[in-house]
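Contents: one structure, followed by commentary.
Only the coordinates and a few stated rules stand behind these numbers; no lab work does. Note that the structure is a prediction, hence the values are computed from the model and not measured. Glycine also receives a Cβ, built like all others from the backbone with ideal geometry; neighbour counts cover every protein chain displayed.
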Amino acid sequence: MSDKQSVTVHAPGKVNLQLNVGGRRTDGYHEIATIFLAVSCYDKLVLRRSSGLRVTVSGTGAGEVPADDSNLAGQAIKAVAKMGGVEPDVHIHIHKRIPVQGGMGGGSSDAAGALLGGDALWQLGIGRAGLMSLAEELGSDVPFSMLGGVALGRGRGEALQPLTSGITYHWVFAVAGFGLSTPAVFGAHERHRQEAGLPFAAGCLPAPQVSPRLIDALACGDVDLVAQNLTNDLEFVASRMRPELTGTLTVGRGAGALAGFLCGTGATTAFLVPNESTAHDVAEALLASETCASVRIARGPVQGPRIGKAEEF
Ligand code: C5P
């Protein structure tokens, strides 16, 4: 057994370039077809050997993150410790920069980072591929959070096919002053379909598909074509739940973004911009408009969680 005392992990957030929602399955999950893209907005996790398992959180929205048994990173540590046959005696400190309840996969990223960090701390040698089965059990977005880059997601989001991206894109994220709960947004989407007299059971709907044009545009690095194909089926209901989101989208689009759309289940909104200078213009306009609480400028795709040196942080 190694005497490694601490490990630090950088875990990136994600944006869904298309989020196409199909019917509800008998297990309660919705069939989706999505393209995930990892972005350079990172949570930092420091794992230190300790007596017993402890989770602490700092940074943006820290107060909203559970520091008890329901914390997904804590559950991930228990899962990797069990797989490796060791006790989960570790203190995980999570420093948040990915918005909480923001649709950017923050909780999933922390879980993926904790899986990787636990494997490294205890030098279990499980590796990313071996951790994937644990990732799948922890949540629909955790497998992508482990993979990073850009990928097509099917099923409930866990069935992944890596894609190629010709270039790195520039993004601005507007962090809302409130969060949106993933089950609440999926529930609202389903009620909306019911009210409209539309079918909502998975057996009554065709499997959702992402547009082949978007996959081609990504492969070629055609930023304008990518921008034209950014869609999110949940944006309508999320904007109905929180009409303020429409104002944020209007400001970002009007300030030079090529496209603006809801991140995952919200409440963050994402703006694709042509370059870094426009990113700063859009970020400034968003802040000046007071239609969001804060902004993040990022690029992506980036690789999945990576181990760093504790002294870097
Ligand atoms: O998989 P995860 O635990 O992150 O999902 C949280 C909740 O989000 C699920 O319990 C479900 O209500 C909703 N969900 C869904 N369809 C998906 C993914 C999540 O309905 N594809």
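Taken together, the residues in region 207-222 that are surrounded by 13 or more Cβ atoms within 10 Å (Cβ to Cβ) and free of Cβ contacts under 8 Å to residues at least 24 places away in the same chain amount to 3. Per the listing 118, 107, 103, 113, the residue uniquely crowded, with 23+ Cβ neighbours inside 10 Å and in a loop (DSSP other than H, G, I, E, B) is 103. Among the residues of region 154-188, just one is within 10 Å of the ligand (Cβ to nearest atom), closer than 18 Å to residue 261 by Cβ, surrounded by fewer than 20 Cβ atoms within 10 Å (Cβ to Cβ) and not β-branched (Val, Ile, Thr), namely 186.
In region 180-206, the residues that are part of a loop (DSSP other than H, G, I, E, B) form Cβ pairs under 7 Å with partners that are of a type in the set (Asp, Glu) and within 11 Å of the ligand (Cβ to nearest atom), at six or more places apart or across chains, as follows: 200/190. Residue selection: residue 129 fails the criterion of being without any contact (Cβ under 8 Å) to a residue 60 or more places away in the chain, under 26 Å from residue 4 (Cα atoms) and buried (at least 18 other Cβ atoms within 10 Å of the Cβ). Applying a threshold of 6 Å to beta carbon distances and a minimum spacing of six or more residues, or different chains, the list of pairs starting in region 135-163 at a residue that is touching a residue at least 60 places away in the same chain (Cβ under 8 Å) and more than 15 Å from residue 73 (Cα to Cα) and ending at one that is near the ligand (Cβ under 8 Å from one of its atoms) and of a type outside the set (Phe, Trp, Tyr) reads 156/140; 157/32; 157/140; 157/141. Taking region 285-302 as the range and being farther than 17 Å from residue 253 by Cβ and surrounded by 21 or more Cβ atoms within 10 Å (Cβ to Cβ) as the test, the residues that pass are 296, 298, 300, 301, 302. So, of the residues in region 43-58 that are surrounded by fewer than 15 Cβ atoms within 10 Å (Cβ to Cβ) and of a type outside the set (D, E, K, R), which turns out to be farthest from the chain's Cα centre (by Cα)? Taking the candidates together, the pick is 51. Entry remark, region 101-131: residues being among the aliphatic types (A, V, I, L, M), more than 17 Å from residue 81 (Cβ to Cβ) and within 16 Å of the ligand (Cβ to nearest atom) number 1 in total.
Residues of region 5-35 that are in a strand (DSSP E or B) and within 12 Å of the ligand (Cβ to nearest atom): 16, 19, 20, 21, 22, 23, 24, 30, 31, 32, 33, 34.
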